[in-house]
Amino acid sequence: MTSPTETRPFVDFRNVWLAYNDELLAQGQFAVEDISLQMTQGEFIAIVGPSGCGKSTFMKLTTGLKMPSKGTIHVDGAPVTGPLKISGMAFQAPSLLPWRTTIDNVLLPLEIVEPYRSNFKSKRKEYEERAAKLLQSVGLGGYEKKFPWQLSGGMQQRASICRALIHEPKMLLLDEPFGALDAFTREELWCALRDLHAAQKFNVILVTHDLRESVFLADRVYCMSKSPGRFIVERDIDLPRPRDLEVTYTPEFTAIVQELRGHIGAIRKTGAAVPQ
């Protein structure tokens, strides 16, 4: 028999609208409008769309950094009423603290987030072992004592993702995390993220401009319209897992990327999706 926690969505947006202040709300000017989305436990989704369409606003709504003007948001069965503690975040800029070593940067959330903060001194060795294991899993074994300036951009981003995952969040939110990296490093990090997600089964919401990235990593891809942002395309990615980089050269993969590119092109021109 299926339990309620197995059937309910892990992330549940119902007709969500957001205006950034009361004046804009009174004028009917919204940043995002009529967003409805349901994510199952362990699902990986990607959101693509033109700049300024509301992708990052959607992330702020998901994490509770912004409250909707209309509609409801539930995460893990509870209404979102403020910043979530069950999520980790990584951005385009790794923003590692330059005076801290790699492992100390990764440990930072455990120093400031309860319940870890209260136990940090007594459990520091255990936490350091957890951080070292996480760094090892993304190819940074041996770099624990290096400072950010001693790491490449790709290494810094790997450390940033480890920092976002160190407190074992149920959800990882990624806002253009690989956008500043070269193509080869970007693909290496796709595989690192793929393996972390497969091993830990956390939910992932990825905002990206890279259509290949979205198709390689995600279970579903959403395209957003021009501002005010709304989801106008939902595309299931039915490529089998695990996915290796070789899949990106197959006709099936290319066809999905070209289909999404057509939608994005139509959005840029008219703000509407390509007719089905």
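The values are calculated or read from the model by the stated rules, or taken from the named source; none is laboratory data. Predicted model only: the values in this text are computed from it and were never measured. Reconstructed Cβ throughout: ideal geometry from the backbone, glycine too, with neighbour counts over all protein chains shown.
Is it true that Thr62 is outside any loop (DSSP other than H, G, I, E, B) and among the β-branched types (Val, Ile, Thr)?
On the way: outside any loop (DSSP other than H, G, I, E, B): yes; among the β-branched types (Val, Ile, Thr): yes.
Yes; evaluated as a whole, the condition is true for this residue.
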Inset, instruction - Kindly list the number of the only condition in (1) in contact with a Phe, Trp or Tyr (Cβ under 7 Å, 6 or more places away or on another chain); (2) surrounded by 20 or more Cβ atoms within 10 Å (Cβ to Cβ); (3) of a type in the set (Val, Ile, Thr) that fails for Val11. - result: (1)
Inset, instruction - Might you check whether a residue that is at pLDDT below 95, part of a loop (DSSP other than H, G, I, E, B) and under 23 Å from Asp34 (Cβ atoms) occurs anywhere in segment 238-254? - result: no
Inset, instruction - Please specify each residue of segment 75-104 satisfying the condition of being under 25 Å from Lys226 (Cα atoms) and surrounded by fewer than 18 Cβ atoms within 10 Å (Cβ to Cβ). - result: Gln92, Ala93
Inset, instruction - Would you check if Ile256 is out of contact with any strand residue (DSSP E or B) (no Cβ under 6 Å at 6 or more places or on another chain), over 30 Å from Gln136 (Cα atoms) and without any contact (Cβ under 8 Å) to a residue 60 or more places away in the chain? - result: yes
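In segment 118-149, what residues are surrounded by 13 or more Cβ atoms within 10 Å (Cβ to Cβ) and among the small types (Gly, Ala, Ser)? Walk me through it before giving the result.
Within segment 118-149, the subset surrounded by 13 or more Cβ atoms within 10 Å (Cβ to Cβ) is 119-120, 123-124, 127-128, 130-132, 134-140, 143-144, 146-148.
Listed by number, the residues that qualify are Ala131, Ala132, Ser137, Gly139.
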Legend entry - Selected residue (criterion: nearest to the chain's Cα centre (by Cα)) from residues of segment 129-179 that are in a loop (DSSP other than H, G, I, E, B) and hydrophobic (A, V, I, L, M, F, W, C): Phe178
Inset, instruction - Please indicate, with yes or no, whether at least one residue in segment 235-248 is in contact with a Ser or Thr (Cβ under 6 Å, 6 or more places away or on another chain) and within 22 Å of Phe58 (Cβ to Cβ). - result: no
Inset, instruction - Give the residues of segment 255-272 that are within 25 Å of Met39 (Cα to Cα) and of a type in the set (D, E, K, R), sorted by residue number. - result: Glu259, Arg261
Inset, instruction - Search segment 83-100 for residues that are under 24 Å from Glu144 (Cα atoms) and pair each with any residue that is among the acidic types (Asp, Glu) and outside any loop (DSSP other than H, G, I, E, B) when their beta-carbon atoms are under 7 Å apart and the residues are at least 6 apart or on different chains. - result: Phe91/Asp175; Gln92/Asp175
Inset, instruction - Check whether at least one residue in segment 205-225 is under 26 Å from Pro68 (Cα atoms), among the hydrophobic types (A, V, I, L, M, F, W, C) and not in a strand (DSSP E or B), and report yes or no. - result: yes
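Quick one: which of Asp12, Asp34 is modelled with pLDDT of 95 or more, among the charged types (D, E, K, R) and not in a loop (DSSP other than H, G, I, E, B)?
Details: Asp34 fails: modelled with pLDDT of 95 or more.
After applying the criteria, what remains is Asp12.
Of these, Arg212, Arg186, Arg194, Arg220, which one is touching a strand residue (DSSP E or B) at 6+ places or on another chain (Cβ under 6 Å), surrounded by fewer than 22 Cβ atoms within 10 Å (Cβ to Cβ), in contact (Cβ under 8 Å) with a residue 24 or more places away in the chain and of a type in the set (Lys, Arg)?
Values: Arg212 fails: touching a strand residue (DSSP E or B) at 6+ places or on another chain (Cβ under 6 Å); Arg186 fails: touching a strand residue (DSSP E or B) at 6+ places or on another chain (Cβ under 6 Å); Arg194 fails: touching a strand residue (DSSP E or B) at 6+ places or on another chain (Cβ under 6 Å).
Exactly one residue qualifies, and that residue is Arg220.
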